[in-house]
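Take a look at the structure below.
Please treat every number below as a calculation from the coordinates, not as lab data. Keep in mind that what you see is a predicted model, and the values were worked out from it rather than measured. Ideal geometry is used to build each Cβ from the backbone, glycine not excepted, and the neighbour counts take in all protein chains shown.
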C-alpha cells in the first residue's frame, strides 16, 4: 500500500501565510509612500517658488508702468513751472523798471521750484506680506493616544479636544519613557474662562480613568492652582500658582533618571518641579492631559530628548 504524504502546512497556516504576505505588501506600499513624501513636499516648494517669481515679475512690471506714468507727469509739471519762472525772470529783467521788482516773490517761486526738483516720485518698501511665507511642519515624536471621557483626538493625533459636556476627560501619549530626559511642548488653543487643564504623567501599568486624581500613579499640575500626586489633589503645593492662558505654550519635562517632572509656561517663564515616587508611579511613564470644560483644546507641538 502506497504511503500518503501529507502537506505539513494546514489551512490555518496557509491563512497566516496569506496575512503575512498582505502585511508585507502593505509595508512596501507604506515605504513607497514615505519615499515619495519628500519629493511631494519639494515639488510643493518648487511650485511655490515658481508662482512667487511670477507674482514678483508681474507686480514689478506693473510698478514700472505706474512709476513711468507718474514720473512723466512729474516732468511735465516741473517743465511747466520751470518755463513759467524762466519767462517771468527774463521779462522782469527786460522791463527796464528794476525798482519795482519783487525779488522776494521771485525768490519764493525759485525755492518752490527747487523743492519740486528735490521731490521726484520714488519707491518705498511697504512692510506687509507680499509673498506668502512657508513653514516646515514636523510631526511630533509623540502623539495623543488612548483617552477616556468626553474627548476626541484630531489632526493626526496631535490635537485633543473636549466634547460638549462639563466633565473630566483624560488622554495620554503613545510613547513610554523609562530613562533619559524628555521635553514636550503643548499649545492651549481653546480655553474656557474657568481655566482647568492638567499636564502630567501616568504609569503605563495603570488603567486610564477620566478622573486623574483618582489614579494612584498620576502626578502633575492643573488649573486653579491644583497639583495632583499620591492619589489626591493639593492646592498650591510647593507654591504652585497656575498662570495658564489661551495660546500659552506649556513645556512639560520628564527626567526619568532623576525621577523628576517639571512644568514651565513659556510666556511667563514660571517653572515648577516635583519628585516622583517610582514605587507609586513605576516606569514606564506616559505624558497625560486632563481637560474639563466644553471645547477646551490642546495641541502637542513637538517632543525632544535632552
Calculated FRET efficiency for the pair residue 124/residue 146, C-beta based, R₀ 51 Å, to 0.05: 0.35
Average Cα contact separation per residue, the range 144-305, under 8 Å, 6 or more apart, as relative contact order %: 36 percent
Cα→Cβ-extended label distance, 7 Å offset, between residue 102 and residue 230, nm: 9.6 nm
q = 0.10, 0.20 Å⁻¹, the range 14-123: log10 I(q)/I(0) [Debye, one scatterer per Cα]: -0.63, -1.06
Ascending count of other beta-carbon atoms within 10 Å, so fewest first, for 123, 153, 16: 123, 16, 153
Cα gyration tensor, the chain - rounded (a/c under 1.5), prolate or oblate: oblate
Debye equation applied to the C-alpha atoms of the range 124-211, log10 I(q)/I(0) at 0.16 Å⁻¹: -0.77
Spin-label model distance (nm) - residue 68 vs residue 262, 7 Å beyond Cα toward Cβ: 6.4 nm
Sites residue 245 and residue 131, calculated FRET efficiency, Cβ-Cβ separation with R0 41 Å, nearest 0.05: 0.80
Contact order normalised by residue count of the range 66-207, Cα under 8 Å, 6+ apart, percent: 16 percent
Net length gained if the chain between residue 238 and residue 81 were fully extended (0.36 nm per residue, minus Cα distance): 48.6 nm
Folded to 0 to 90 degrees: helix 11-93 orientation relative to the chain principal axis, Cα: 10 degrees
Ranking of 80, 70, 109 by count of other Cβ atoms within 10 Å, fewest first: 80, 70, 109
R0 of 22 Å, Cβ-Cβ distance residue 156-residue 305: FRET efficiency to nearest 0.05: 0.60
Additional length obtainable on full extension of the chain from residue 275 to residue 111, 0.36 nm per residue less Cα span: 51.2 nm
Paired Rg and Dmax values of the range 183-290, which use every Cα atom, in angstrom: 12.9, 37
Highest-MSF residue in the chain out of 292, 67, 191 [GNM, Cα springs under 10 Å]: 67
